[in-house]
Structure formats: structure tokens, C-alpha cells
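Taking it in order: structure first as C-alpha cells, then the write-up.
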Amino acid sequence: MEQRLNIPNSLSAYRILALPFIVWAIIAGNNTAFIVLLSVNFVTDILDGFIARRFNRITEFGARLDSLADIGTYLMAFAGMIVLEREFVSDHAIEFYALTGLYASVQLTALIRFGRTTSFHLYSSKITGYVQGIFIFCFFLFGYNAWFYYTMLAISYLAYLEGLIIVLMIPELRSNVKGIWFMLRKNGKIS
């Protein structure tokens, strides 16, 4: 039986409990509270994964809890951008909504096929999370940087496409899939 009460799961639970406070910051128009709370969620996301791997606390429950916290944090990041940086989102509407649509398509496809959202923890998704978190943090502190914005978009699109391909390929939803290459290699499709 897997241990559910541990430090990584507690950090994921914190991220979920922080979501209403992030909503408050968005509604109140408090950019400082928004970026501080969101940054703490990003850092605790990094820590929960590191601690789980380092101290062998990886569990199916923890993977699902972490993914739920990731989805909530991700939605809050997008909501914060839409509400607090309306002009920026309006100026970049096509790529911004394509990004959110592609992300949503991965989760909706998983819901339709398997009755729940993904908890893959792809390497590409981890990289994307770091890049997006750094972009949002830098955007709120230092302003817009076109090069960084389009790099973040390209990395994000590729990661979400990988997630969508995996959701469409696998016969059953499972956690902790590293990526397409690892999945094909494990199944003997490539050597």
C-alpha cells in the first residue's frame, strides 16, 4: 500500500489549497500577490518532484495529486495573464489561445478516452513548466521580451503535441510517462 501522507504530497496539496488565494489576487487586480503566490506554486512544484524522486516517494496517488495541482496552477497562470495583462493577451490573441486550446485538447482527449486528465510527467512538460514559469515571472517583473515569448511558445506547442500524440496512442492512461521516445523504446518499437 502506498504512503499518501508524505512531503511531496503535502507540497502538492499546498498548491491546490493556494489556488483560491491566487483567484483572489487575480480578482483584486493585485499583480504582486499574484506573482508571489504563483511563484511559490512553481517552486513547490519543482520541490515535490525532486523530493519524490530523491527519497523514492513516487506513488500513483502523488502523481495524480501533483497533476491536479499542476492543472490548477496552469489555469491560474493563464487566468492571471488574461485578467491582469488584458492588453498583452489581446495583442497576442492567436498564439495565446492556440496555446491554451492545444493544452485543453490534451486534457479533454484524455477525459473523453479515459475518464480523467493526464498525469504523464513528460520530460517535455517539465521543461515547458519551467520555461513558462520563468516567462510569467519575468514578464510581470521586467516586461515583455519577444524572443523569450516565442521561444516559450515553441517549446510549449511541442510539449503539448507530444502529450496529445501519447493520449491518442496509449491503450490505457498511466502516470509517469517520460515521453514518446521512451514509450516506443520500452514497447520495442525503436532500439
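Candidates ILE35, ILE16: the one that is over 22 Å from LEU122 (Cβ atoms), under 17 Å from the mean Cα position of the chain (by Cα) and of a type outside the set (Asp, Glu) is ILE35.
Does LEU5 satisfy the criteria of being without any contact (Cβ under 8 Å) to a residue 24 or more places away in the chain, on the phi < 0 side of the Ramachandran plot, not polar (S, T, N, Q) and not in a helix (DSSP H, G or I)? Considered against the rule, which asks whether it is without any contact (Cβ under 8 Å) to a residue 24 or more places away in the chain, on the phi < 0 side of the Ramachandran plot, not polar (S, T, N, Q) and not in a helix (DSSP H, G or I), LEU5 comes out as yes.
Residue count for segment 59-71 under the criterion of being hydroxyl-bearing (Ser, Thr, Tyr) and assigned to a helix (DSSP H, G or I): the result is 1. With respect to the conditions (1) more than 14 Å from the chain's Cα centre (by Cα); (2) closer than 24 Å to GLY62 by Cα; (3) not hydroxyl-bearing (Ser, Thr, Tyr), ALA159 falls short on a single one, namely (1).
With respect to the stated conditions, ASN41 is without any contact (Cβ under 8 Å) to a residue 60 or more places away in the chain and surrounded by 16 or more Cβ atoms within 10 Å (Cβ to Cβ). Here the helices (runs of 4 or more DSSP H) wholly within segment 72-187 that include at least 2 residues being surrounded by 15 or more Cβ atoms within 10 Å (Cβ to Cβ) and of a type in the set (A, V, I, L, M) are 93-114, 123-142, 146-169, 180-186. Taking the conditions exactly as written (at pLDDT below 95 and either under 15 Å from TYR14 (Cα atoms) or in a helix (DSSP H, G or I) (or both)), does ARG53 satisfy them or not? It is true that ARG53 is at pLDDT below 95 and either under 15 Å from TYR14 (Cα atoms) or in a helix (DSSP H, G or I) (or both).
The values are calculated or read from the model by the stated rules, or taken from the named source; none is laboratory data. What you are looking at is a predicted structure, and each value in this text was computed from that prediction instead of being measured. Neighbour counts are summed over all protein chains in view; Cβ atoms, including those assigned to glycine, are modelled from backbone coordinates with ideal geometry.
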